[in-house]
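Enquirer: The structure that follows is given in the form of structure tokens.
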Amino acid sequence: MTNKELVLTEDMFELLDESEKNSEFIAIQSKTFSKDTWDRFKKNRLALIGLIFLVIMILAAIFIPMFSPYGYEEQDMALRNALPSLAHPFGTDKLGRDILVRVMYGARISLAIGFASAGINLVVGIIYGGVSGYLGGKVDMIMMRIIDIIYSVPSILYTLLILMVFGNNIISMVIAISITSWIQMARQVRTQVMSLKEMEFAMAAKVLGADHMRILMKHLVVNALGPIIVCLTMMVPNAIFTEAFLSMVGIGLDPLIPSWGRLADECRQLLFTYPIHIIWPIAAICLTILSLNFIGDGLGEALEVKR
């Protein structure tokens, strides 16, 4: 390079001041998947309100019956059908039992049925739908036809048969609700697995010698967790509503088990004389189902892949 060219180069470029060197630098905070999901979830106010309500309901269901001076079966015939007061915030029923304690005790049963049914649906749906979607071909066709056969029979018939055989208890109710509810999860998992197994990361794992179970569980199912979790959150309110409906029509849990549906059925008999009593179990069912639906919508937006 000649002296003339060197002078030209120095004239064309000018050194920046120290204050201007980082003026266009953009810092991006590194986040984990869970932290990033939580930050997006918090932006949905309805989902956050639903989560707060659900946590409060769970804590109330645990501690109110535990520390209340009244038992859920304790009767006081002198205070039958009492209106809400400081001693009994929700009033008392036709046998003088505290409605608040019974509603909170019923929350234990209804929420336990909802979460247990959703857990069974999750395990069965992931295994069945994952195997069907991953193997494909004739295996997938046979497994899907089995689902079609099961789904063709009304679920109420399965429910009645199971409750008649095993009795009107919590375990039989969970089985009755889960007997067909897992089909929705299986179809969701199958769809996700069939689309993900053709992706590059799944093919790379197969080329590197990973076995089929590792590819399915460690790569495909993990990457489909977003839709799976959203589907799971929708199954909990469905199970709670199903139990409440069956108990209200008289084919659900035993009358001695104070679930929300059974409480609503008891209050329904006094609907025209003491209508305020039915408000509490119905409100608990509606608000819990609404909060779970809000949580599901919030998780759907937070776990959306395109985001």
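We did not get these values from a lab; they are worked out from the coordinates using the rules stated. Predicted model, so just to flag it, every value in this text is computed and none were measured. Positions of Cβ are backbone-derived with ideal geometry, glycine not excepted, and every protein chain shown enters the neighbour counts.
Enquirer: Can you grab the distance from the C-alpha centre of segment 37-66 to the C-alpha centre of segment 265-307, Å, no decimals?
Expert: Centre-to-centre (Cα) distance: 13 Å.
Enquirer: Could you put M203, M173 in order, starting from the residue whose Cβ has the fewest other Cβ atoms within 10 Å? If you can, show how the numbers build up before the last one.
Expert: Details: M203 12, M173 30.
Ranked by crowding around the Cβ, least crowded first: M203, M173.
Enquirer: Can you compute the FRET efficiency between F272 and S34 using 1/(1 + (r/R0)^6), with r the Cβ-Cβ distance and R0 = 51 Å? Round to the nearest 0.05.
Expert: Efficiency, from the Cβ-Cβ distance: 0.50.
Enquirer: Summing Lys, Arg as +1 and Asp, Glu as -1, what charge do residues with Cβ under 14 Å from the Cβ of M143 carry, M143 excluded?
Expert: Details: positive: K138, R145, R187, R190; negative: D140, D148.
With Lys, Arg at +1 and Asp, Glu at -1, the net is +2.
Enquirer: For the pair I52 and R80, what calculated FRET efficiency results from E = 1/(1 + (r/R0)^6), where r is the Cβ-Cβ distance and R0 = 25 Å, to the nearest 0.05?
Expert: According to the calculation, E is roughly 0.10.
Enquirer: May I pose another question? Between the alpha-carbon centers of segment 227-246 and segment 175-191, tell me the distance in whole angstrom.
Expert: Segment 227-246 and segment 175-191 have Cα centres separated by 11 Å.
Enquirer: Can you give the calculated 222 nm mean residue ellipticity of the chain, where each DSSP H run of n ≥ 4 adds -39,500 (n - 2.57) and the sum is split over every residue, rounded to the nearest 500 deg cm²/dmol? Intermediate values should be presented prior to the final figure.
Expert: Values: 11 runs with 200 residues, N = 307.
It comes out at -22000 deg cm²/dmol, rounded to the nearest 500.
Enquirer: Related question: Quote the relative contact order of the chain in percent (integer), defining contacts as alpha-carbon pairs under 8 Å separated by 6+ residues. Before the final figure, lay out each step's value.
Expert: Details: 375 pairs, mean separation 71.9, N = 307.
So the answer I get is 23 percent.
Enquirer: Right, another one. Taking the dipole about the Cα centre of the chain, with the C-beta of Lys and Arg at +1 and of Asp and Glu at -1, give me whichever of G250, W38, G71 is farthest to the positive side.
Expert: Value computed over the given set: G250.
Enquirer: In a shell of Cβ-Cβ distance under 12 Å around A61, excluding A61 itself, what net charge do Lys and Arg (+1) and Asp and Glu (-1) give?
Expert: Taking every other residue near A61 into account, the sum is +2.
Enquirer: Still on this structure, please answer the following. Can you give the extra length, in nm with one decimal, that the chain gains between L160 and L287 once fully stretched, where that is 0.36 nm per residue apart less the Cα-Cα distance?
Expert: Details: separation 127, 0.36 × 127 = 45.72 nm, distance 2.77 nm.
In short, 43.0 nm is gained.
Enquirer: Rank these for me by crowding, W38, W280, going from fewest to most other beta carbons within 10 Å.
Expert: Numbers: W38 12, W280 22.
Exposure proxy ranking, most exposed first: W38, W280.
Enquirer: Summing +1 for each Lys or Arg and -1 for each Asp or Glu, what net charge is found among the other residues whose Cβ lies under 10 Å from the Cβ of V131?
Expert: It works out to a net charge of 0.
Enquirer: Right, something else. Where in the chain are the DSSP H helices whose C-alpha atoms run 24 Å or more along the long axis and whose mean Kyte hydropathy is at least 1.0?
Expert: For the chain, where a helix must reach 24 Å along its axis and average at least 1.0, the hits are 45-67, 99-135, 170-196, 225-248, 279-302.
Enquirer: I've got another one for you. Pairs K43/K197; K138/K218; K35/K218: which exceed 30 Å Cα-Cα?
Expert: Table pairs above 30 Å Cα-Cα are K43/K197.
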